[in-house]
1. Going through the range 47-81 one residue at a time, which ones are assigned to a loop (DSSP other than H, G, I, E, B), touching a Leu at 6+ places or on another chain (Cβ under 6 Å) and within 17 Å of Thr226 (Cβ to Cβ)?
2. From Gln269, Gln310, which residue is of a type outside the set (A, V, I, L, M, F, W, C), at pLDDT 95 or above and under 15 Å from Thr239 (Cβ atoms)?
3. Here are Ala243, Ala205, Ala237, Ala271: which of them is buried (at least 19 other Cβ atoms within 10 Å of the Cβ) and within 30 Å of Ser149 (Cβ to Cβ)?
4. Are any of the residues in the range 208-225 surrounded by 17 or more Cβ atoms within 10 Å (Cβ to Cβ), under 24 Å from Ala313 (Cα atoms) and free of Cβ contacts under 8 Å to residues at least 60 places away in the same chain?
5. Let me confirm something: among Ser322, Ser291, which residue is outside any helix (DSSP H, G or I) and surrounded by fewer than 16 Cβ atoms within 10 Å (Cβ to Cβ)?
6. Pick from the range 160-176 the residues that are near the ligand (Cβ under 10 Å from one of its atoms) and not in a helix (DSSP H, G or I): which of them is surrounded by the most Cβ atoms within 10 Å (Cβ to Cβ)?
7. What's the total number of residues in the range 11-38 that are closer than 22 Å to Ala205 by Cα and part of a strand (DSSP E or B)?
8. Out of the range 222-237, which residues are in contact with a Gly (Cβ under 9 Å, 6 or more places away or on another chain) and more than 30 Å from Val16 (Cα to Cα)?
Amino acid sequence: MDKILVHGGHPLRGTVRISGSKNSSLPILAAALLTRERCVIRGVPDLSDIHYMLTILSHLGCEVERASGVVIIKAERIRTEAPYELVRKMRASVCVLGPLLGREHEACVSLPGGCVIGDRPIDLHLRGFEALGAAVRVQGGNIKLFAPSLRGSSVSMRGSHGTTVLGTGNVMMAAVLADGITEIHDAAEEPEVVDLANFLISMGAKIRGAGTRHIVVEGVGELHGTDYTVIPDRIEAGTMLVAGAIAGGELTVNHVRPDHLEAVIAPLQSAGFHVESGAKSVTIRPNGSVSPLHLETSPYPGFPTDMQAQMCALLVRAPGVSVVTDHVFPQRFMHVAELSRMGAQIKLQHPTAVITGNGSLSGAPVMASDLRASAALLLAGLAAEGVTEINRVYHIDRGYEHIDDKLNDVGAKIERVKA
Ligand code: UD1
């Protein structure tokens, strides 16, 4: 298995180009199942999660072509079953349920299984499908959906941890071809939901209110092909800004939507960094010492759970006590034990980490356990004294396109050791 060696202590200077959004691309690729016509999707990052999704779509009968960020999908004739061997690798494979149900009125997809960031149920997705008229059965590890017809309905996406991003997308995808009007209440407001809605609208769907908590979908008879570009990845951009903050120097991220980054920029400014937004770029530079913070994750437009681990790595460097609470995924603190191996002082009482910043970190062998936790370890390595050896780097490759090359181009010293 590949490893990454991070030689700490090198400030970052220059500009990093941010890739297209992984979390937009995954449901958008699945949404191409909704038409027999050709969909051209641009800005799709080269990541293993994207590869898994394309494998599932090929299995479902799609013709898939891919070349440098452009994916072309033609779903002329499709089947409706996706087996466990394909689905188990990535939880986002549940995104095919909505479009299969919407187009074929049936789906049989293996349950994606557990995940290290805690129990990740899909009850809210299924509740939405039922509201549209689908019968839901779980049998032999598979979710089976069947609906003689789909009719518009009123559905709430609210669960005990707030709303659901992929659940909102799944119900939207199932509703675009249903008879009548579907009202989605307590919808996720994430930019990725808006991107999916815009993709569907470009295929002829009628959707209003995406980006608010109340989305209205008016069903249409059929959808057509499209040519669409996904939004930039706000989590990659946020991670790079924290890389700049932790390593020092002056770093610019470009090809970004600064309006999508406000919840990340605000705490970086509160921690004492100078952060400046341009039309499509954001620049960060140090402005004296780093201050501790109290941070709580919440659905968009709040501070994203996908940036929590990276901010923990930064706050280890802030003298004083920081308190970080994750309300969205209360168990998502696998990075804490590994950061502690690098000298961090963190007390964990789920869903809160109390970090006593001491300014210093030392390189150590550490284990990546999930995507964002691995990014946090890489960032910590940039600031640590000596060498940080990150094992199981396939987690990083699931979500960051060429992260080692991008950081090396702006002054980091990161080696990838092939197994
Ligand atoms: C998406 C993102 C992920 C991000 C998360 C929250 C993708 C591919 N992934 O995941 O990177 O961390 O949003 O911003 O876009 N829940 C239920 N029942 C459900 C569904 C979710 O209880 O049916 C709970 C989850 O366990 C969690 C919370 O709701 O506590 C939010 O999860 P959700 O928004 O669904 O996350 P994803 O859409 O899977």
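1. Ala75
2. Gln310
3. Criteria check complete, one pass: Ala205.
4. no
5. None of the others qualify; the one that does is Ser291.
6. The residue in question is Thr164.
7. Residues that pass the stated criteria total 1.
8. Glu222, Leu223, His224
The values are calculated or read from the model by the stated rules, or taken from the named source; none is laboratory data. Only a predicted model underlies this, so the values are computations on that prediction, with no experimental measurement involved. Cβ: placed from backbone, ideal geometry, glycine included. Neighbour counts: every protein chain shown.
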